[in-house]
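Novice: Before I ask anything, let me first share the structure, which is written out below as structure tokens.
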Amino acid sequence: MTHTEPHPWQWDEAVWRGHVQAIRAGRPLRPAHWPGGARVAVALSFDSDHETIPLRDGETRPGALAQGEYGSRVGAPRILRTLERHRAPATFFMPAVSALLHPDEVRAYAAAGHEVALHGWIHERNMLLDESVERELAHRAAETLQQLSGRRPVGLRTPSWDFSDHTLTISRELGLLYDSSLMADDDPYELVQQGTPTGMVEIPVEWIRDDAPYFMMDRYGALRPYTPPRGVLSIWRDEFDQALAEGGVFQLTLHPHIIGHRSRMAVLDELLRHITAHDVWFATHEHLARYVLDHAAPAQEGTT
Ligand SMILES: [Zn+2]
């Protein structure tokens, strides 16, 4: 914002109201029942960013890229083995550049019955892009994932949950079924754009249910914010237990280059042992979105 524009405290009501109403949560989509009499739906997701996190910042040195390489060489295979052991389907959100660097990994996800979905071109920050650039990258990413996975992706998680003023419009042009980047609920809801229901499902995320904020650190910063893996386990277990009590959705966002380490995979394995001791429905984000659209209460007059 330049200083010639009004400050936020000088905005007319129409201005601040307009910003807030651009995209809102509409109809709640938590159904009365889950498939097979399950008491809770579990939607696991893995953002297979690998080398694209340093690359999108122009960080090309081998040290940072090796951390991403670990995600693909060690983290992803470990995750696939763990999911197979627990018979848990999941969704893998993958930047197109990451998919092009690791085509066999994309095929392994698809072959195991997991969903492969959009996560940008090179993990770009959408809010820094012009609309035309964001659109072109989104289309190119969708075509790339379709070629590598054999299926047209139906869902998007914006890289870094960086959701621009144009992201939803572009997602609707692509005909996407769902987005998974916003945070207006614990359970799925319908996205409303400028007061109009879109028919698109939001499967909400939260930093609480993401491995990155607990485990990442700034190498050259003085602070070392770090939560012990067993501490993270207790947070996620409480999130799951409450979703179970409410009959809602437990959604988790993990990264192969972060969760894929030994001490952290032990925690994921223990979490999955806790989850599978209950009547749960494991669903990919796609299957969850389709189910809630088909089974949620219809929109009522006067509510959007
Ligand atoms: Zn990511």
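The values are calculated or read from the model by the stated rules, or taken from the named source; none is laboratory data. Bear in mind the structure is a predicted one, so any value in this text is a computation, not a measurement. Cβ sites come from the backbone with ideal geometry, for glycine too, and all protein chains shown count toward neighbours. For accessibility, only protein heavy atoms count, side chains too; no ligands or nucleic acids. Shrake-Rupley method; radii C 1.70, N 1.55, O 1.52, S 1.80 Å.
Novice: In the stretch 154-163, how many residues are open to solvent by 10 Å² or more (accessible area, probe 1.4 Å) and either closer than 23 Å to L55 by Cβ or within 14 Å of the ligand (Cβ to nearest atom) (or both)?
Specialist: 5
Novice: Continuing with the same structure: If you take the residues in the stretch 186-208 that are open to solvent by less than 60 Å² (accessible area, probe 1.4 Å) and among the acidic types (D, E), which one is farthest from A138 (Cα to Cα)? Lay out the reasoning, then the answer.
Specialist: Here is the first cut: in the stretch 186-208, the residues open to solvent by less than 60 Å² (accessible area, probe 1.4 Å) are 187-193, 195, 198-206.
Within this subset, residues satisfying the condition of being among the acidic types (D, E) are 187, 190, 202, 206.
Numbers: D187: 26, E190: 21, E202: 18, E206: 23 Å.
Per the stated criteria, the residue is D187.
Novice: Against the definition (more than 16 Å from the ligand (Cβ to nearest atom), of a type outside the set (G, A, S), open to solvent by 20 Å² or more (accessible area, probe 1.4 Å) and at pLDDT below 95), how does L174 come out, yes or no? So that I can check it myself, show each step before the final result.
Specialist: On the way: more than 16 Å from the ligand (Cβ to nearest atom): yes; of a type outside the set (G, A, S): yes; open to solvent by 20 Å² or more (accessible area, probe 1.4 Å): yes; at pLDDT below 95: no.
No: the conditions fail for L174.
Novice: Just wondering, is there one or more residues in the stretch 15-25 that are at pLDDT 95 or above, touching a strand residue (DSSP E or B) at 6+ places or on another chain (Cβ under 6 Å), within 16 Å of the ligand (Cβ to nearest atom) and open to solvent by less than 70 Å² (accessible area, probe 1.4 Å)?
Specialist: no
Novice: Let me ask you something else. Output the residue which, of all residues in the stretch 209-243 that are assigned to a helix (DSSP H, G or I) and out of contact with any helix residue (DSSP H, G or I) (no Cβ under 9 Å at 6 or more places or on another chain), is surrounded by the fewest Cβ atoms within 10 Å (Cβ to Cβ).
Specialist: Keep residues of the stretch 209-243 that are assigned to a helix (DSSP H, G or I), which gives 209, 212-215, 229-243.
If we keep only those that are out of contact with any helix residue (DSSP H, G or I) (no Cβ under 9 Å at 6 or more places or on another chain) as well, we get 234, 238, 242-243.
Working: S234: 13, D238: 11, Q242: 13, A243: 22.
Among residues in the stretch 209-243 that are assigned to a helix (DSSP H, G or I) and out of contact with any helix residue (DSSP H, G or I) (no Cβ under 9 Å at 6 or more places or on another chain), the one surrounded by the fewest Cβ atoms within 10 Å (Cβ to Cβ) is D238.
Novice: In addition: It is to be established whether one or more residues within the stretch 183-202 are touching a Pro at 6+ places or on another chain (Cβ under 8 Å) and closer than 12 Å to F93 by Cβ.
Specialist: no
Novice: Moving to a separate point now. Does any residue in the stretch 118-130 that is in contact (Cβ under 8 Å) with a residue 12 or more places away in the chain come within less than 6 Å, Cβ to Cβ, of a residue that is hydroxyl-bearing (S, T, Y) and surrounded by 18 or more Cβ atoms within 10 Å (Cβ to Cβ) six or more places away or on a different chain, and which pairs are these?
Specialist: As it stands, the answer is I122/T52; H123/T52; N126/T158; N126/T167, since those pairs meet every condition given.
Novice: Does R87 qualify as being within 17 Å of P54 (Cα to Cα), touching a residue at least 60 places away in the same chain (Cβ under 8 Å) and out of contact with any Cys (no Cβ under 6 Å at 6 or more places or on another chain)? Steps first, answer last, please.
Specialist: Details: within 17 Å of P54 (Cα to Cα): no; touching a residue at least 60 places away in the same chain (Cβ under 8 Å): yes; out of contact with any Cys (no Cβ under 6 Å at 6 or more places or on another chain): yes.
No.
Novice: Turning to a different aspect of this structure: Within the group E143, E136, which residue is open to solvent by 20 Å² or more (accessible area, probe 1.4 Å), farther than 19 Å from D49 by Cα, assigned to a helix (DSSP H, G or I) and more than 16 Å from the ligand (Cβ to nearest atom)? Spell out how you get there, then give the answer.
Specialist: Details: E143 fails: farther than 19 Å from D49 by Cα.
After ruling out the rest, the residue left standing is E136.
Novice: If you don't mind, there's one more thing I want to ask. Conditions: (1) open to solvent by less than 50 Å² (accessible area, probe 1.4 Å); (2) more than 16 Å from the ligand (Cβ to nearest atom); (3) polar (S, T, N, Q). T60 meets all but one. Number of the miss?
Specialist: (1)
Novice: Kindly evaluate S149 against the criterion of being within 16 Å of the ligand (Cβ to nearest atom) and either open to solvent by 10 Å² or more (accessible area, probe 1.4 Å) or hydroxyl-bearing (S, T, Y) (or both). Reasoning before the result, please.
Specialist: Working: within 16 Å of the ligand (Cβ to nearest atom): no; either open to solvent by 10 Å² or more (accessible area, probe 1.4 Å) or hydroxyl-bearing (S, T, Y) (or both): yes.
No: the conditions fail for S149.
Novice: Something else now. Filter the stretch 63-106 down to residues that are buried (at least 23 other Cβ atoms within 10 Å of the Cβ) and aromatic (F, W, Y) and give me whichever is nearest to the ligand (Cβ to nearest atom).
Specialist: Checked the stretch 63-106; the qualifying residue nearest to the ligand (Cβ to nearest atom) is F93.
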